[in-house]
Amino acid sequence: MKTTLTILATGVLFGTVAAPALADITVGVSLPLTGPASGLGIPTRNGISLWPETIGGEKVKLIILDDASDSTQSSKNGRRLITDEAVDVIVGSTATPASAALAEVASELKTPQISTSPVELPEAKGEWTFRVAQSTQLMANAVAEHMKRAGIKTYAYLGYSDAYGESWFKAMTAAANQAGLQSVATERFARADTTVTAQALKIMAARPDAVLLGASGSGAAMPHKAMIERGYKGKIYQTHGAASRDLIRIGGKDVEGSFVVAGLAIMPEGLPNEHPSKKLATEFVDRYEKQFGAGTRNQFASHGYDAYLVLNQVVPQALKKAKPGTPEFRAALKEALESTKGIPITQGVIRFTPKDHFGLEDNARVMLTVQNGNWKPVAP
């Protein structure tokens, strides 16, 4: 990596630091590099470290801040990046609550945000936020469809008591109703909790055919193990926030046979050759694992890299209308993002519109199972 890179308030360096801030495009990044969500933020940063030295043919300067998995810090980072550093666009956060806080600042200060989480926002606060992560509803539909095909009639939900957990609860409720599935129990826990014994016992008492765990990163393993340790024999599903090796590493034998809905970069080898993302995803995984080690591929790293793939397509369009470092350029970037005709990324094909700031479709997801300590695609 030759990208001009500035790391502020993180204490973490990566890549090759090129000299002076001579970049034409300034990108601010705010990620959870410490705290409970660091298992999401660090891989995202690693994915960003594979960006080339230019975006859309222009030199780029990266300024990376740690939001410490905290919404208040994320908001402060956003203001600092926009008002003090005059960034043209913000990337992050991978933690959904922190991304929501960043979105409020992006909306207020009219700066495009490329969110690396599937953050759900009120319409008035989401005008400047675009996601490279699959929407929660898109992924929940896949879970409900798989449950229905597996003959499941009843399910329980055990998820985070925050924005990520709530978005999955709402999306799964809608998808389950459509699929004719009955919810028999709903329980929540905080990201920082170290046990969910009480919640697991209540779910066991409801005797659901399947359980969906609405958690992410390494935090997804704890409730999974709790259900297995208490003798649960039904099917267990995980969300795309759990699609990392942390689940397998921490969960061990307890997560064998579970199902995880995920993005394409987890197992690009299983994609058909004609899939528009197969080449991109395969090349990304090869580069990533060469840099960070075999088996390190994950959902979050690919989101970090996908932000580059999107910006690389829209920056040239914005440059036709304004110069970087100006409000006019930020507005032109937003307009260019909303006019995409189909940008292939590692996770699918993005088609943002003024009314759709997610842009990914059914071919941007895959159902995986854990078999012998590794991922295995589940046949459609």
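Grab the other residues whose beta carbon is less than 9 angstrom from that of residue 41, score K and R as +1, D and E as -1, and report the net. Don't jump to the answer; show the numbers that get you there.
On the way: positive: 45; negative: 66, 67.
After counting each charged neighbour, the total is -1.
State the three equivalent ellipsoid semi-axes of the chain, derived from the C-alpha gyration tensor as the square roots of 5 times its eigenvalues, in descending order and whole Å. Walk me through the numbers on the way to the answer.
Values: eigenvalues 239, 82, 78 Å².
Result for the chain: semi-axes of 35, 20, 20 Å.
FRET efficiency for residue 283 and residue 372, Cβ-Cβ distance as r, R0 = 22 Å, nearest 0.05?
Working: r = 26 Å, r/R0 = 1.20.
Rounded to the nearest 0.05, the efficiency is 0.25.
Whose amide H sits under 5 Å from the amide H of residue 154, counting only residues 5 or more places off or on another chain, with H placed in the peptide plane?
Here 182, 209, 210 satisfy the definition.
Who wins for biggest fluctuation among 262, 176, 192 in a Gaussian network model of the chain, springs between alpha carbons below 10 Å?
192
Compute the longest continuous run of the chain that contains no exposed trypsin sites (Lys or Arg not before Pro); treat a site as exposed when its DSSP state is not H, G, I, E or B and it has at most 16 other Cβ atoms within 10 Å. Write down the numbers at each step before the final one.
Details: sites that count: 2, 110, 153, 230, 233, 320, 321, 341, 351, 355.
Longest run free of exposed loop sites: 3-109.
Note down the magnitude of the dipole of the chain about its Cα centre, charges +1 on Lys and Arg C-beta and -1 on Asp and Glu C-beta and zero elsewhere, to the nearest 20 debye. If you can, show how the numbers build up before the last one.
Working: 40 positive and 36 negative charges, 122 e Å.
In debye, rounded to 20, the chain gives about 580.
Grab the beta carbon distance between residue 148 and residue 273, set R0 = 35 Å, and tell me the FRET efficiency rounded to 0.05.
Values: r = 29 Å, r/R0 = 0.83.
In this case the efficiency is close to 0.75.
Below 8 Å between Cα atoms, with a sequence gap of 6+, how large is the relative contact order for the range 192-263 in percent? Could you put the intermediate results ahead of the total?
Details: 104 pairs, mean separation 24.0, N = 72.
It rounds to 33 percent for the range 192-263.
Distance from the Cα centre of the range 285-333 to that of the range 242-271, in angstrom?
25
Under 30 Å Cα-Cα from residue 225, which lysines qualify once same-chain neighbours fewer than 8 residues away are excluded?
The reachable lysines, counting only those whose Cα sits under 30 Å from residue 225, are 148, 153, 170, 202, 233, 235, 253, 376.
Would you order 314, 89, 184 from fewest to most other beta-carbon atoms within 10 Å of each residue's own beta-carbon? Don't skip to the answer; put the middle values down first.
Working: 314 26, 89 31, 184 16.
The most exposed by this proxy come first: 184, 314, 89.
Modelled label-to-label distance, residue 207 and residue 193, 7 Å Cα→beta-carbon offset: nm?
2.4
Could you grab the relative contact order for the range 136-262? Cα pairs under 8 Å, six or more apart, rounded to a whole percent.
26
Which of rounded, prolate, oblate describes the range 237-279, given a ≥ b ≥ c as roots of the alpha-carbon gyration tensor eigenvalues and a/c under 1.5 marking rounded, otherwise prolate only if a/b is larger than b/c? Please list the in-between numbers first.
Numbers: a/c = 2.66, a/b = 2.53, b/c = 1.05.
Since a/c reaches 1.5 and a/b is larger than b/c, the shape of the range 237-279 is classed as prolate.
Since every read-out is calculated from the coordinates, none of them should be taken as a lab result. None of these values were measured; they are calculated from a predicted model. Cβ coordinates were reconstructed from backbone atoms using ideal geometry, including for glycine residues, and neighbour counts include every protein chain displayed.
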